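Notes to accompany the following structure.
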Amino acid sequence: MGKNIVEKILEKHIVDGKLEKGTEIGIKIDQTLTQDATGTMAYLQFETLGFSEVKTELSVSYIDHNTVQVGFENFDDHKYLTSVAKKYGIILSRAGNGICHQVHLERFARPGKTLVGSDSHTPTAGGVGSFAMGAGGLDVAVAMGGGPFYITCPKVIKVELKGKLTKWVSAKDVILKVLEILTTKGNVGCVLEYGGEGIKTLSVPERATITNMGAETGVTTSIFPSDEVTKEFLKAQDREDQWVELKADPDAEYDKIIEINLSELEPLAACPHSPGNIKTVSEIEGIKVDQVSIGSCTNSSYRDLMTAAEVLKGKVAHFGLEFGVAPGSKQVLEMIAENGALKNLIVSGARILESACGFCIGNSFAPGTDSVSLRTSNRNFEGRSGTKSAQVYLVSPETAAAAVITGKITDPRKLEKEYGIPYPDVKLPEKFIIDDSSFIFPLPEEERGKIEILRGPNIKPAPKNDPLSSTIKGEVLLKVGDKITTDHIIPAGSRMKYRSNVPKYAEFVFEIVDNTFPQRALGNKEKGTNNIVVGGLSYGQGSSREHAALCPMYLGVKAVLAMSIERIHHANLVNFGILPLVFKSEGDYTAVEQGDSLEMPKITEEIKAGKEITVRNLTKNKEFKVKYELSERQIEIILAGGLLPYTAGNR
Ligand code: MIC
Ligand code: SF4
């Protein structure tokens, strides 16, 4: 029987378990990436685990998230990360060099290799055929130390692309279509493998836009084949020698096939407040726009910025709005500076923002009260932009540029006829500017020993949990509904500077849902009462930030009971010794109320025996069972109180 691409890569990398769908497998990791907001904790854990160097083929530490530097904390983190990179043989990409995923795609991602990154958009590298997954920092730390990375052996969904995109419709519209079909729920444990005739018409940066935002469907990763288009891209990046062909066998099998005809697609938008809330741009045309932001790891490539610059050539941004552009990398910025496109943007009134995450994560360029913001990024969860009342729409660079001119949501297909703007058919250059001067490459081994790790006062040791006690008795401190994201659990934006200081960062747990949570939690913890959180479907969507488990753990949360839990967050809960439990019926979920006192009297006994967990609702005088999806390895981790004590105990 023929094999698909996912099977081919996994077969070469499996080191634990069997390739049986739905079971846990351990895979060898070739490359890792971290970014500064998750990286400090990942490296603190790497240090705690006592590794002496990285064991991967390549590990890169990027500084791209916390670059606003209001206060000393961010810069101190940068210094810490730089010293760690020098000591342990990691490549450091310094602030200003660009967004981790864009830079990794340009300079390091390789077809057929495995990559794990402490950021949920790591699948961007799937655009060149890398099997790239997001994970919590602790999992990345273990992978850097040479340990396997564990995933559920995935179901593979083929996305068969036919036809060719028409003018003004682009890769962002493809992934928005995928999101319309698959939604943001129910895709855990799957991988999206792209194929079909249509892929030949998509460049690597376009493919990367698609794999990047595949993260919003909740899949483990998304991947494109590696073909002539990939080869051209690698050649233009001076990396042709790293090309290998990667394709599915003609008789490969898939668990499901989705067909998309590119020729029939039209401009789409994800409307407030979910990347899955898709409408056509023509349906929402005319809405007044207050802000347009072009950039983020989804749409900040040379192709995207050139498109915007060509559309805006000789135009001035509408006076009703603020317009910002954040080039994805130093390479992109150098390219558009050299060919003059940057000047078009400057003349149009664009505010040239740093080549970093910036506006996407709400730590700069926040919209005003009730503002409508059109962004080319990948997430529009409530409050993520930095402004709770803002209405954020996610669109393509074409649709964003159209709004810059008209001041309202406009179908970009009208630009040609109604505004006389020719379609900018941007082609990739034969050679990109290769300038690796903002990387610090590993020092010779003999020099590493002398490096002193620099720790500013905001950098506190990684906290640990206690082994699981035989009984959990506690209060449902918070009950929430469906689609609670990690941005709800622990906000980023201006709070993100406390990532290296868990006691301080924990003060903001559930800030936008219920800001009394941290105090109430600590109050219970002091009394010896455990804290329990109850959630609906797709609990923990979104980012890979392990702080969404680590900070609740610090506040004494022992269990999360939900209708379903997303993959990365589930793994993070396990890693920090919080029990991820799943309701067996909606009735059980509805019957539990905030403030109820719950008891799990035989938790360790039941979990060791692989039995469902008995929960007694002492307030309601009821009993019910909950289930869990934990491998034997994960059960051991939970019993030990998390991955740190578990790994330390096994070394
Ligand atoms: C995000 O887009 O939400 C982030 C910020 O990049 C996160 C990582 C983090 O919280 O540091 C992600 O996507 O994993
Ligand atoms: Fe950065 Fe935004 Fe991409 Fe996250 S989604 S890595 S914050 S650009």
Basic (Lys, Arg) and out of contact with any Asp or Glu (no Cβ under 7 Å at 6 or more places or on another chain), is that true of Lys497? no
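Which residues, counting only those in segment 1-35, are at pLDDT 95 or above, within 14 Å of Glu253 (Cβ to Cβ) and not charged (D, E, K, R)? Break it down stepwise before answering.
From segment 1-35, those at pLDDT 95 or above are 2-35; that's our starting set.
With within 14 Å of Glu253 (Cβ to Cβ) added as a condition, the list becomes 2-8, 19, 21.
Answer for segment 1-35, where residues must be at pLDDT 95 or above, within 14 Å of Glu253 (Cβ to Cβ) and not charged (D, E, K, R): Gly2, Asn4, Ile5, Val6, Leu19.
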Give the residue, chosen from Glu599, Glu605, that is away from ligand 2 (no atom under 16 Å from the Cβ) and part of a strand (DSSP E or B). Glu599
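So which of Tyr88, Tyr150 is out of contact with any strand residue (DSSP E or B) (no Cβ under 6 Å at 6 or more places or on another chain) and of a type in the set (Phe, Trp, Tyr)? Walk me through how you get there before you give the answer.
On the way: Tyr150 fails: out of contact with any strand residue (DSSP E or B) (no Cβ under 6 Å at 6 or more places or on another chain).
Unique residue meeting the criteria: Tyr88.
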Find all pairs meeting these conditions: Cβ atoms under 8 angstrom apart; at least six residues apart or on different chains; first residue within segment 139-152 and in contact (Cβ under 8 Å) with a residue 12 or more places away in the chain and among the aromatic types (Phe, Trp, Tyr); second residue surrounded by 23 or more Cβ atoms within 10 Å (Cβ to Cβ) and not in a helix (DSSP H, G or I). Phe149/Ile27; Phe149/Ile29; Phe149/Thr114; Phe149/Val116; Phe149/Met133; Phe149/Ala135; Tyr150/Ile27
If the Cβ limit is 7 Å and pairs must be 6+ apart or interchain, which residue in segment 280-306 that is of a type in the set (Lys, Arg) pairs with which residue that is within 16 Å of ligand 2 (Cβ to nearest atom)? Arg303/Pro205
Within segment 514-532, is even one residue at pLDDT 95 or above, under 30 Å from Phe72 (Cβ atoms), more than 16 Å from ligand 1 (Cβ to nearest atom) and of a type in the set (D, E, K, R)? yes
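Of everything in segment 375-408 that's among the small types (Gly, Ala, Ser) and touching a helix residue (DSSP H, G or I) at 6+ places or on another chain (Cβ under 6 Å), which residue is surrounded by the fewest Cβ atoms within 10 Å (Cβ to Cβ)? Explain how you work it out, then say what you get.
We begin by selecting, within segment 375-408, every residue among the small types (Gly, Ala, Ser); these are 377, 383, 385-386, 389-390, 396, 400-403, 407.
Filter once more, so that each one left must be touching a helix residue (DSSP H, G or I) at 6+ places or on another chain (Cβ under 6 Å): 377, 386, 396, 401-402.
Details: Ser377: 29, Gly386: 19, Ser396: 31, Ala401: 32, Ala402: 29.
That would be Gly386.
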Looking only at segment 296-311, decide whether some residue is within 11 Å of ligand 2 (Cβ to nearest atom), crowded, with 24+ Cβ neighbours inside 10 Å and over 15 Å from Asp64 (Cα atoms). yes
Taking segment 195-245 and keeping only residues that are assigned to a helix (DSSP H, G or I), crowded, with 20+ Cβ neighbours inside 10 Å and polar (S, T, N, Q), one is left with Thr209, Thr211, Asn212, Thr217, Thr230
Looking at (1) free of Cβ contacts under 8 Å to residues at least 24 places away in the same chain; (2) assigned to a loop (DSSP other than H, G, I, E, B), which is the one condition that is false for Tyr646? (2)
Considering only residues that are among the small types (Gly, Ala, Ser) and buried (at least 22 other Cβ atoms within 10 Å of the Cβ), which ones fall in segment 65-94? Ala85, Ser93
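Give the residue, chosen from Ser396, Ser389, Ser437, that is of a type in the set (S, T, N, Q), within 27 Å of Tyr43 (Cβ to Cβ), at pLDDT 95 or above and away from ligand 1 (no atom under 16 Å from the Cβ). Quick ask: steps written out before the conclusion?
Details: Ser396 fails: within 27 Å of Tyr43 (Cβ to Cβ); Ser389 fails: within 27 Å of Tyr43 (Cβ to Cβ).
Only one candidate qualifies: Ser437.
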Name, by its number, the condition in (1) surrounded by 24 or more Cβ atoms within 10 Å (Cβ to Cβ); (2) more than 20 Å from the chain's Cα centre (by Cα); (3) among the aromatic types (Phe, Trp, Tyr) that does not hold for Phe131. (2)
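Conditions (1) buried (at least 24 other Cβ atoms within 10 Å of the Cβ); (2) among the basic types (Lys, Arg); (3) closer than 14 Å to Gly26 by Cα, marked per residue:
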residue: Ala135; (1), (2), (3): yes, no, yes
residue: Tyr150; (1), (2), (3): no, no, yes
residue: Val159; (1), (2), (3): yes, no, no
residue: Lys167; (1), (2), (3): no, yes, no
residue: Val174; (1), (2), (3): yes, no, no
residue: Asn187; (1), (2), (3): no, no, no
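In segment 107-128, which residue that is assigned to a helix (DSSP H, G or I) and within 12 Å of ligand 1 (Cβ to nearest atom) is farthest from Asp435 (Cα to Cα)? Spell out how you get there, then give the answer.
Kept after step one, since they are assigned to a helix (DSSP H, G or I), are these residues of segment 107-128: 107, 122-128.
Restricting the remaining residues to those that are within 12 Å of ligand 1 (Cβ to nearest atom) gives 122-124.
Values: Thr122: 22, Pro123: 24, Thr124: 21 Å.
So the residue we want is Pro123.
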Matching residues, segment 318-329, being under 31 Å from the mean Cα position of the chain (by Cα) and either assigned to a loop (DSSP other than H, G, I, E, B) or surrounded by fewer than 24 Cβ atoms within 10 Å (Cβ to Cβ) (or both): Leu321, Glu322, Gly324, Ala326, Pro327, Gly328
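Among the listed residues His65, His104, which satisfies the condition of being within 16 Å of ligand 1 (Cβ to nearest atom) and part of a loop (DSSP other than H, G, I, E, B)? First the steps, then the outcome.
On the way: His104 fails: part of a loop (DSSP other than H, G, I, E, B).
After applying the criteria, what remains is His65.
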Any idea which of Lys55, Lys86 is among the basic types (Lys, Arg), in contact with a Gly (Cβ under 6 Å, 6 or more places away or on another chain) and more than 16 Å from ligand 1 (Cβ to nearest atom)? Lys55
Could you list, in sequence order, the residues of segment 480-504 that are of a type in the set (Ser, Thr, Tyr), over 15 Å from the mean Cα position of the chain (by Cα) and buried (at least 23 other Cβ atoms within 10 Å of the Cβ)? Ser500
All but one of (1) aliphatic (A, V, I, L, M); (2) in contact with a His (Cβ under 9 Å, 6 or more places away or on another chain); (3) free of Cβ contacts under 8 Å to residues at least 12 places away in the same chain hold for Ala549, so report the exception by its number. (3)
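Being more than 16 Å from ligand 2 (Cβ to nearest atom) and within 28 Å of the chain's Cα centre (by Cα) is the filter here, so list the residues in segment 332-364 that pass it.
Glu334, Met335, Ile336, Ala350, Arg351, Ile352
The values are calculated or read from the model by the stated rules, or taken from the named source; none is laboratory data. Everything numeric here is computed off the predicted structure, so don't read it as measured data. Glycine gets a Cβ as well: all are built from the backbone with ideal geometry, and neighbour counts include every protein chain shown.
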